[in-house]
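This report refers to the structure that appears directly beneath it.
Nothing in this text is a laboratory measurement; each read-out follows from the coordinates by a stated rule. Source: prediction; values computed, not measured. Don't worry about glycine lacking a Cβ; one is built from the backbone with ideal geometry, like all the others, and counts go over all protein chains shown.
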């Protein structure tokens, strides 16, 4: 998938580009695991976004626009979640929230190997070194705040 494709690319000689590629590869490997967990959970892309938005209390209109779903597709996704007990008139159900938590747990498990290979101290050091870089990039990129998932990465890093 996308993570494996990035991992197969030659490593750039320039240190900043090598770092960028390594981070991109980690992100895409995590994304590959997330997609696998969603497929295993039986969720479509739009259903996933409906549950995510309902769980996080996000504006459905923003999510639809940012991700290119129209209102009919959104309603169809909500309707397909209801008989499975995942979403109802009041939004996400306890079963829907539990399914989301399971998908996130599986995603974390799928993405764990690179971090495990660093060990706890190495992973903590990586986070320590990368946080200021991520904050600087996030603060300079107002176009991506909030991002297409309606999240504020700067807020996440400073919380």
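Structural remarks
- Order of 131, 25 under a 10 Å beta carbon neighbour criterion, fewest first: 131, 25
- Gyration tensor verdict on the stretch 81-134 (Cα atoms; rounded if a/c is under 1.5, prolate if a/b is larger than b/c, oblate otherwise): prolate
- For residue 112 and residue 9, a Förster radius of 35 Å and the Cβ-Cβ distance give a FRET efficiency of 0.95, rounded to the nearest 0.05.
- R0 of 30 Å, Cβ-Cβ distance residue 125-residue 82: FRET efficiency to nearest 0.05: 0.05
- Look at the alpha carbon pairs under 8 Å that are at least 6 residues apart: their mean separation over the length of the stretch 1-99 gives a relative contact order of 21 percent.
- Mean projection area, nm², convex hull over Cα of the stretch 45-140: 8.1 nm²
- Fewest-first sequence of 69, 115 by Cβ atoms within 10 Å of each Cβ: 115, 69
- Here the calculated FRET efficiency for residue 18 and residue 59, from their Cβ-Cβ distance with R0 = 35 Å, stands at 0.40, rounded to the nearest 0.05.
- Footprinting exposure proxy for 129, 38, 19 (fewest neighbouring C-beta atoms within 10 Å first): 129, 19, 38
- Anisotropy class of the stretch 56-112 from Cα gyration tensor, a/c 1.5 cut: oblate
- Cα gyration tensor category, rounded, prolate or oblate, for the stretch 1-90 with a/c compared to 1.5: prolate
- Using alpha-carbon coordinates, inclination of helix 15-40 to the longest axis of the chain, degrees: 30 degrees
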